[in-house]
Amino acid sequence: LEKLVILKMGGSVITNKRIPMAVNLEALDALSVAVSQASTNLLIVHGGGSFGHYYAKQFGLGTELKAVSREGVAKTRSAMLQLNIIVTKILEKQGVYAYSLPPASLVGFGRVAAHGAELLESIMEGGLVPITYGDVLPNHGRYNILSGDSITRMLALCLKADRVVFTSDVDGLYASGNKLVRSIGIRDKFAIDQPDRGLDVTGGMALKLCEAQEIARNGVDVYFVNGLKPERVIKALKGEIVEGSLIRGTRNAR
Ligand code: IP8
């Protein structure tokens, strides 16, 4: 397979995080236009925003496996399906033909499914863009939330992606003092300065940094850019210098 870029569409970009079950249509549309200009193999993962996180929070679902309310699982799951259909449809409107896969068909039990890579590669060989999302996943009677950030990390390593681009509603990763950190080492540790929006059940920017560094330790460059600024997304997808945060992939520094 030729160059592969994985794009995480942040829930803070594609939904209105303050209003339950509200899509940010304008942002999603603009982001889809940016995606339509990418000329590499692309795989898209999107987050939950005010769809998945709203119900996950309401019913006490989190990243740890738990016996949880059936109603909570069902409502979180159907909210994510609904958001995925909207995202897929808007991409289609912009000429990005996506093939949607529920995450449970790709990952689960802490690993990528045996046929996961073959499935994704088969879709991309046909010129379509596989799309999946953060979701609530079953594990022998218990359930947990698997963040789209973690799915992105699992797929990036399994498929040996060339580049990963995380988008959110801010310019990149901020350290305390509200300082944008433009270049981050694969082992750098710093306190993330992120106003707690109180909605995220997965881990917000701290989880993103952790997953991103694991990706970069496997030799893959990781970009953090503002998904509300489509021209930056286009640059990041191409691997060009862009306003944001960059973690250079370095394989030999393990
Ligand atoms: O927004 C979480 O995915 P994320 C999805 O990528 C759910 O962390 C169901 C809350």
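Apply the a/c threshold of 1.5 to the C-alpha gyration tensor of region 1-48 and tell me whether it is rounded, prolate or oblate.
oblate
Could you tally the net charge around Ile6, taking each other residue with its Cβ under 10 Å from the Cβ of Ile6, Lys/Arg +1 and Asp/Glu -1?
Overall, the nearby charge balance is +2.
Please give, to one decimal in nm, the separation of the simple spin-label points placed at Glu26 and Ser78, each 7 Å out from Cα toward the Cβ.
Here the modelled spin labels are 3.1 nm apart.
Fully extended, how many nm does the chain gain between Cys210 and Ile85 (0.36 nm per residue separation, minus their Cα-Cα distance)?
That works out to 42.1 nm of additional length.
Whole-Hz Karplus ³J(HN,Hα) for region 160-174, in order, using 6.51 cos²θ - 1.76 cosθ + 1.60 and θ = phi - 60°, x for Gly and Pro?
Result, rounded to whole Hz: 6, 4, 8, 7, 10, 10, 9, 10, 8, 8, 10, 6, x, 9, 10.
When all protein chains stay in place, what accessible area (Å², nearest 10, 1.4 Å probe) is found for Lys75?
For Lys75, the solvent-accessible surface is approximately 80 Å².
Contour minus end-to-end for Leu128 and Gln194, with contour as 0.36 nm per residue of separation and end-to-end as the Cα-Cα distance?
Gain in length upon complete extension: 20.2 nm.
Where in the chain are the DSSP H helices whose alpha-carbon span along the long axis reaches 15 Å or more and whose Kyte-Doolittle mean is at least 0.0?
25-36, 70-93, 148-159, 204-216
What FRET efficiency, computed as 1/(1 + (r/R0)^6) with R0 = 25 Å and r the Cβ-Cβ distance, is obtained for Ala114 and Arg142, rounded to the nearest 0.05?
E between Ala114 and Arg142, to the nearest 0.05, is 0.65.
Å³ per residue of the Cα convex hull, for the chain?
Taking the convex hull of the Cα positions in the chain, it is 115 Å³ per residue.
Place a label point 7 angstrom from the Cα of Gln37 along the Cα-to-Cβ direction, then list the residues of region 79-94 whose backbone nitrogen is under 18 Å away.
91-94
Report relative contact order for region 44-190 in percent, whole number only (criteria: Cα-Cα under 8 Å, sequence separation at least 6).
Across region 44-190, relative contact order equals 27 percent.
Do you know the relative contact order of region 7-64, to the nearest whole percent, from alpha carbon pairs under 8 angstrom that are 6+ apart?
46 percent
So, in Å, what gap is there between the alpha-carbon centers of region 18-65 and region 102-156?
Computed from Cα coordinates, the inter-centre distance equals 15 Å.
Is any residue of region 11-35 close enough, with backbone N under 16 Å, to a label point placed 7 angstrom from the Cα of Lys93 along the Cα-Cβ axis, and if so, which?
14-16, 22-35
Using a 1.4 angstrom probe on the protein heavy atoms only, line up His115, His46, His53 by accessible area, largest first.
His115, His53, His46
In nm, to one decimal, how far is the Arg251 label point from the Arg70 one, both placed 7 Å along Cα→Cβ?
4.9 nm
The values are calculated or read from the model by the stated rules, or taken from the named source; none is laboratory data. Computed from a predicted model, the values in this text were never measured in an experiment. Quick reminder, even Gly has a Cβ in these numbers, built from the backbone with ideal geometry, and neighbours come from all protein chains shown. Only protein heavy atoms, including side chains, enter the accessible area calculation; ligands, DNA and RNA are left aside. Shrake-Rupley method; radii C 1.70, N 1.55, O 1.52, S 1.80 Å.
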